[in-house]
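Below is one structure, written out as structure tokens; comments come after it.
Each value in this text was obtained by applying a stated rule to the coordinates, not by laboratory testing. Note that the structure is a prediction, hence the values are computed from the model and not measured. Virtual Cβ from ideal backbone geometry, glycine too; neighbours counted across all protein chains shown.
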Amino acid sequence: MASLASNKTKPTITYFDFSAAPGEKLRLCCVIGDIPFEDNRVKPGPQWSELKPLTPHGTLPIMVKEDDTVVTQSEAILKYLGRRATPPLYPLDDIEKQLKIDTVMGILDDLDKAWAPPAIH
Ligand SMILES: N[C@@H](CCC(=O)N[C@@H](CS)C(=O)NCC(=O)O)C(=O)O
């Protein structure tokens, strides 16, 4: 049965069972940043149809934090995980570095939208 249950000891990242950018970048951040996480992979089709209405915006990825908070939007999640990484992969308080990283992230997002075929619609 589909649910958004949390793992009380680590964040749960739910995304489709393939390596498209929105979810895969979160998995990579956890691996590179040494953040233990529950890798919850959903198959397109009936499994996704069952879970979709339970998600805040009907899309993946989502992260369920240890305190049960459900978070959407891959960029927000990526920055959060980047700050939690050891050492941090996103600057904690250097606004000039944040600006540079955010700019590169925006360019990568533009490229992804231009090149990637829509995965699930
Ligand atoms: N702005 C969102 C976009 C999320 C999004 O569009 N996810 C797609 C997969 S990459 C999705 O869930 N598609 C399935 C659907 O709309 O039913 C983010 O970055 O997290």
Extension gain from Ile107 to Val31, taking 0.36 nm per residue of separation minus the Cα-Cα distance: 25.0 nm
Stretch Asp94-Trp115 to full length: gain in nm at 0.36 nm per residue minus the Cα-Cα span? 4.4 nm
Say the cut-off is 24 Å between C-alpha atoms; which of Lys43/Lys113; Lys8/Lys113; Lys8/Lys97; Lys79/Lys100 go over it? Lys8/Lys113; Lys8/Lys97
I'd like the distance separating the alpha-carbon centroids of the range 87-109 and the range 33-71, in whole Å. 25 Å
Given axes a ≥ b ≥ c from the Cα gyration tensor, I'd like to know whether the range 13-121 is rounded (a/c under 1.5), prolate (a/b larger than b/c) or oblate. oblate
Student exercise, the chain dipole from Lys, Arg, Asp, Glu Cβ charges, in Debye to nearest 20: 200 debye
Spin-label proximity, Asn7 to the range 37-74 - amide N less than 12 Å from point 7 Å beyond Cα toward beta carbon: 37-41, 64-66
Determine the relative contact order of the range 31-121: mean sequence separation of Cα pairs under 8 Å and six or more apart, normalised by residue count, in whole percent. 24 percent
Can you list the GluC sites (Glu not before Pro) in the range 20-121 that are in a DSSP coil and have 16 or fewer other beta carbons within 10 angstrom? Glu66
To check you understand DSSP bridge types, tell me what percent of the beta bridges within the chain (both residues inside) are antiparallel, rounded to 5. 60 percent
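Is any helix in the chain, taking whole DSSP H runs, at least 24 angstrom long along its axis by alpha carbon and on average at least -0.5 on the Kyte-Doolittle scale, and which ones? Write out the running numbers ahead of the final one.
Values: long enough: 95-115 (30 Å, -0.09).
The qualifying helices are 95-115.
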